[in-house]
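Below is one structure, written out as structure tokens, with a few remarks after it.
Each reported figure results from applying straightforward, stated rules to the coordinates on display, with no laboratory input. From a predicted model like this one, the values you see are computed outputs, not experimental measurements. Glycine gets a Cβ as well: all are built from the backbone with ideal geometry, and neighbour counts include every protein chain shown.
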Amino acid sequence: MTTLFADLNPPPRILMGPGPVGVDPRVLRAMAMPMLGQFDPAFTAYMNETMELLRQLYRTKNKWSFLVDGTARAGVEAILVSIVSPGDKVLVPVFGRFGHLLAEICRRCGGDVVTIDREWGTVFTPEEIEAAIKQHHPRILAVVHGDTSTTQAQPLDEIGALCRKHDVLLYTDATASLGGMNVAIDDWKVDAASSGLQKCLSGPPGSSPITINDRIVEVVKRRRHVEEGIRPPDFIEGDGPIISSNYFDLGMLMDYWGESRLNHHTEATSMLYAAREAVRIVLAEGLDACFARHRLASDALTTGLTEMGLMLFGDQRHKMPNVTGVYIPDGVNGDAVRGMMLNDFGIEIGTSFGPLHGKIWRIGTMGYVCRKENVLIGLAALETCLRQAGFRAKPGVDAALSVYRGAGQ
Ligand SMILES: *Cc1c(COP(=O)(O)O)cnc(C)c1O
């Protein structure tokens with residue numbers, strides 16, 4: 001009973017799992033700022049600024065770059081429920097857990113979903129994806145960019161051009177990759193993308209930055225949005241199948257974020273403050289500098305782990321720099337080591353799902369957590385926990401430190 005009335009006081013943690021991550025204190029401060037009315041010019045100015053910040057983050061000129069309130073899958077659902085009409089053929093290449101999520105959501109939208117599969121730990125070649133496009137003639141290709149469940153990033157630079165050639169719309173889930181590695185929406189000809197704050201953007205879960213181009217806007221405009229009779233007079237309205245969600249209707253969201261500012265939901269004020277600050281921090285560091293910081297951490301971490309005598313998981317050419325999969329050594333209880341990491345060192349590392357469950361740990365170096373001291377402390381702690389668990393880990397911290405020294409740090 002007494003704890004119910006005690007102040008919330010979470011234990012100190014270093015979050016080195018695949019998300020959520022430790023939040024940048026600047027973001028936490030922004031979230032403590034006072035509320036504004038949602039149509040206060042000061043607040044709508046923040047909304048417009050956030051749209052411009054998101055364009056820079058996504059490397060796009062897309063006017064419609066804005067926030068969907070909710071965790072990362074809010075953005076996924078908003079895009080998919082708004083573009084997948086019942087009966088639409090959707091191709092989903094699956095190379096990890098989140099590919100299954102995209103397929104599931106597309107099915108719920110009434111899509112006629114075809115999946116192609118790769119062994120977890122690998123990604124598709126453009127040829128494989130083109131062959132599937134030629135075989136199935138989808139209207140939409142929905143693919144995860146970086147799948148934290150397998151640490152792999154699907155290269156997208158050639159996929160967009162392929163989709164244009166075959167008149168397919170390309171949506172990607174960039175939740176894990178945005179802010180940690182290059183996501184070049186315009187160069188890659190990606191039509192729609194969504195993300196979350198709680199990975200490389202160093203914010204709390206609860207806001208989903210999305211971007212959509214004119215090809216997507218056209219599709220959305222052809223859908224119906226609200227039942228006949230109750231729609232506002234200047235509402236964009238097509239004659240296609242109705243979008244089956246009000247909250248996630250991109251047409252209504254565009255009318256709320258656009259010049260008409262038609263009332264829809266109440267923008268989650270504190271989350272908008274958080275998102276705006278989180279993106280400002282990344283852009284102030286510089287996108288390329290930020291990606292380089294993630295790559296360096298990945299190099300140092302993988303060098304340290306290998307030196308300790310551990311084996312890395314997955315195709316290293318396609319590993320995301322912000323999460324590393326490492327095999328649990330034979331005879332070691334993976335959950336016991338994770339428990340020791342948490343209870344004795346205050347460090348969270350990730351377990352794994354599906355076919356990888358019990359086989360690998362996933363160690364995140366994302367956003368604000370992606371710093372030299374965390375990499376070194378994490379390695380030192382893991383080394384000790386492994387020895388406690390009966391595995392003779394060799395020292396790995398020195399090798400990781402030399403990677404940082406080699407980069408002048
Ligand atoms: C982490 C992650 C998500 C998380 O979605 P939430 O709704 O924020 O839990 C979605 N997609 C991918 C690819 C992820 O890595």
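Here are a few things to note about the model shown:
- Zero-based 5 Å bins, Cα pair distances in the stretch 89-141, whole percents: 5, 22, 31, 24, 15, 3
- In the chain, the longest principal axis of the Cα atoms and the axis of helix 41-58 are about 60 degrees apart.
- Across the stretch 287-406, Cα-Cα pairs more than 25 Å apart make up 15 percent of the total.
- Residues in the stretch 139-157 that a label on Glu127 would reach, taking backbone N under 11 Å of a point 7 Å out along Cα→Cβ: none
- Residue (of Asn374, Pro204, Leu4) at the positive-pole extreme of the chain, dipole from beta-carbon charges: Asn374
- Relative to the dominant Cα principal axis of the chain, helix 287-307 is inclined by about 40°.
- Inter-label distance for Gln316 and Leu8, nm, one decimal - labels placed 7 Å from Cα along Cα-to-Cβ: 4.2
- Amide H contacts under 5 Å for Trp64, placed H, 5+ residues apart: Ile212
- Rounded, prolate or oblate (a/c below 1.5 giving rounded, otherwise prolate when a/b exceeds b/c) for the stretch 308-377 by Cα gyration tensor: oblate
- Relative to the longest principal axis of the Cα atoms of the chain, helix 126-136 runs at roughly 40 degrees.
- Relative to the Cα centre, the charge distribution of the chain, modelled as +1 at Lys and Arg Cβ and -1 at Asp and Glu Cβ, gives a dipole magnitude of about 700 debye.
- Given charges at Cβ of Lys, Arg, Asp, Glu: the chain dipole, positive-most of Phe43, Val84, Met33: Met33
- Full extension of the segment from Asp398 to Asp344, taken as 0.36 nm per residue of separation minus the current Cα-Cα distance, would add 17.3 nm.
- Distance from the stretch 131-155 to the stretch 98-120 (C-alpha centre basis), Å: 10
- Anisotropy class of the stretch 25-283 from Cα gyration tensor, a/c 1.5 cut: oblate
- Think of each Lys and Arg Cβ as +1 and each Asp and Glu Cβ as -1; about the Cα centre, that makes the dipole of the stretch 291-381 roughly 360 debye.
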